[in-house]
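Here's the structure we're looking at; comments come further down.
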Amino acid sequence: MAKKRDHQRPAPTPGRRQNQIKPSSRRDERTEAHSPSGSIKLVAFFIVSSVIAVAVYWLRQSSPSQYNGSYVYQRGLVTTDTNYQDILTENTKVSENTSIRHYTYSVLGYITPWNSLGYEMAKRFNSKFTHLSPVWYDLKSQQSSLVLEGRHNADKGWISELKKTGEALILPRVVLEASPEELLRKKKLKNKAIDLIVTECKEMGYDGIVLESWSRWAAYGILHDPVMRNLALQFIKQLGDALHSISSEKVSGQKLQLVYVIGPPSSQNLQAHDFGPKDLETLSEVVDGFSLMTYDFSNPHKPGPNAPLEWIQIILQILLGASANRAQNIAPKIFLGINFYGNDFSLSKDSGGGAIIGRDYLALLEKHRPALQWDKNSGEHVFVYTADKDIKHAVFYPSLKSISLRLEEARSWGCGISIWEIGQGLDYFFDLL
């Protein structure tokens, strides 16, 4: 039986990190006066050869935009010039036909057990997704062995409903919490970990898993050791091969899938702990998708946009742009991260604030009736309000326009997308998918 879901608790994002790559310092003058962290330093983009540039150009031209047919476009809501009244009035109005997909590459949606709205959105907009990943499992050390925790979260009734009404693959997320020094060095433990995961997929009828381990391994500091780093890559390969040896119950002829969670590189000069383009190539044959966490650019100590568009462009350029072959062959396996949550940052000297989700955002709009401003360089809407004790707050939350720009960027590379998480957004966001 599934654990009771808490509809009130905001879901944290996986692997929060402080990113060092920064986009251009150019700022829209309407938001500069409220910028809590000052201008962002300009980062030089890579110089790409004309051959690669031509190849990427043709790749981008092969996927024309299909968004103009979506309901929110027809109503003229995808604009920089939005206001709080339109959001409050229109956010629950969606197309009656929720089966039409406007984004034709892979779409992965995360669902958390502590936010019941995500489960509801997955059922309601099932046809919009190719993959759904409920955040259910942790693989942990237990004395000298391992244990896979989380089956109590699994909701078989919900899975059954999804399989009846849509084609989305169900790939629960598994976080590798076990000590990597033991796990990666000992063949017996590696085999045990893989057996636990594969067995759970077979017994529960999953279509594979989403694995998160790289951020954990980086936190342990093992990725600076070339031997351990190689063992880490070999473990992922071994797991991918094991999953690909098992047929999916849902789709005839399809094997179980492995989607791997990766963070954005911390700088243009890749560090040992960064997951880089060579790692993509190493794993591309055994990994079916890479869930790229392009969000959490800012934090309470460094307030600002959630995922500046220029920063996203730099990340994709680092991972894909140096090779025409990589851009064409691996890009479809990149699931560009898009946040459906926002942040409410205090601009006081003591800083503060944190993540907000859809209902929090709507409550702030109703209470403060703010003027929304568009920052053209980050590609995000922001508003400022005054709270208790005259403390100013800056609120960054996704809008139809900000999401559409990120979808177009992903489309231009031929990438899929991954959404953290689908219970944290507004209903009409799904009309873009």
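Can you give me the ranges of the helices (runs of 4 or more DSSP H) entirely in the stretch 153-238 with at least 1 residues that are more than 25 Å from His131 (Cα to Cα)?
The helices (runs of 4 or more DSSP H) meeting that bar are 180-185, 187-204, 214-220.
Among the residues of the stretch 220-246 satisfying the criterion of being hydrophobic (A, V, I, L, M, F, W, C) and touching a strand residue (DSSP E or B) at 6+ places or on another chain (Cβ under 7 Å), which is modelled with the lowest pLDDT?
Among those that are hydrophobic (A, V, I, L, M, F, W, C) and touching a strand residue (DSSP E or B) at 6+ places or on another chain (Cβ under 7 Å), it is Ile246.
Can Ser144 be described as crowded, with 21+ Cβ neighbours inside 10 Å and of a type outside the set (Val, Ile, Thr)?
In short, no.
Please enumerate the residues belonging to the stretch 301-317 that are of a type outside the set (D, E, K, R), surrounded by 15 or more Cβ atoms within 10 Å (Cβ to Cβ) and touching a Ser or Thr at 6+ places or on another chain (Cβ under 7 Å).
The answer is Pro303, Gly304, Pro305, Asn306, Ala307, Pro308, Leu309, Ile312, Ile315.
For the stretch 248-282, enumerate the residues that are under 21 Å from Gly337 (Cα atoms), in a loop (DSSP other than H, G, I, E, B) and of a type outside the set (S, T, N, Q).
Gly263, Pro264, Pro265, Leu270, His273, Asp274, Phe275, Gly276
Among the residues of the stretch 97-109, are any touching an Asp or Glu at 6+ places or on another chain (Cβ under 7 Å), open to solvent by less than 30 Å² (accessible area, probe 1.4 Å) and of a type in the set (Val, Ile, Thr)?
No: zero hits.
Ser298 - would you say it is among the small types (Gly, Ala, Ser), open to solvent by less than 10 Å² (accessible area, probe 1.4 Å) and touching a residue at least 40 places away in the same chain (Cβ under 8 Å)?
Spelling it out, Ser298 is indeed among the small types (Gly, Ala, Ser), open to solvent by less than 10 Å² (accessible area, probe 1.4 Å) and touching a residue at least 40 places away in the same chain (Cβ under 8 Å).
Could we say that Leu256 is touching a Cys at 6+ places or on another chain (Cβ under 7 Å) and open to solvent by less than 10 Å² (accessible area, probe 1.4 Å) here?
Yes.
Output the number of residues of the stretch 201-225 satisfying the condition of being surrounded by 16 or more Cβ atoms within 10 Å (Cβ to Cβ), under 30 Å from Gly157 (Cβ atoms) and of a type outside the set (Gly, Ala, Ser).
Selection size over the stretch 201-225: 7.
Residue check: is Ser267 hydroxyl-bearing (Ser, Thr, Tyr), open to solvent by 10 Å² or more (accessible area, probe 1.4 Å), touching a residue at least 12 places away in the same chain (Cβ under 8 Å) and over 30 Å from Glu203 (Cβ atoms)?
yes
Take the residues in the stretch 158-168 that are in contact (Cβ under 8 Å) with a residue 24 or more places away in the chain and closer than 23 Å to Trp114 by Cβ; name whichever of them is most open to solvent (accessible area, probe 1.4 Å).
In this case the residue turns out to be Glu161.
Can you tell me which of Thr79, Thr130, Thr98 is at pLDDT 95 or above, over 17 Å from the mean Cα position of the chain (by Cα) and among the hydroxyl-bearing types (Ser, Thr, Tyr)?
On inspection, the qualifying residue turns out to be Thr79.
Just to be sure I understand the filter: pairs with C-beta atoms under 7 Å, separated by 6 or more residues or on different chains, first member in the stretch 356-369 and of a type outside the set (Ser, Thr, Tyr), second member part of a helix (DSSP H, G or I). Which pairs pass?
What qualifies is Leu362/Leu88; Leu365/Tyr84; Leu365/Ile87; Leu365/Leu88; Glu366/Leu88; Arg369/Tyr84.
Counting just the residues of the stretch 355-366 that are touching a strand residue (DSSP E or B) at 6+ places or on another chain (Cβ under 8 Å) and open to solvent by 20 Å² or more (accessible area, probe 1.4 Å), which one comes out nearest to Tyr428 (Cα to Cα)?
Asp360
Restricting the stretch 163-203 to residues that are among the hydrophobic types (A, V, I, L, M, F, W, C) and within 21 Å of the chain's Cα centre (by Cα), which is nearest to Val227 (Cα to Cα)?
Leu176
Tally the residues that are of a type outside the set (A, V, I, L, M, F, W, C), under 18 Å from Ala363 (Cα atoms) and in a loop (DSSP other than H, G, I, E, B), restricting the search to the stretch 374-405.
So the count comes out to 3.
Looking at (1) under 20 Å from Arg124 (Cβ atoms); (2) at pLDDT below 95, find the lone condition where Asp350 falls short.
(1)
The values are calculated or read from the model by the stated rules, or taken from the named source; none is laboratory data. This structure is a prediction, so every number in the text was calculated from the model and none was measured. Cβ atoms come from the backbone with ideal geometry, glycine included; neighbour counts cover every protein chain shown. Areas reflect the complete protein model, heavy atoms only, side chains present, ligands, DNA and RNA absent. Shrake-Rupley method; radii C 1.70, N 1.55, O 1.52, S 1.80 Å.
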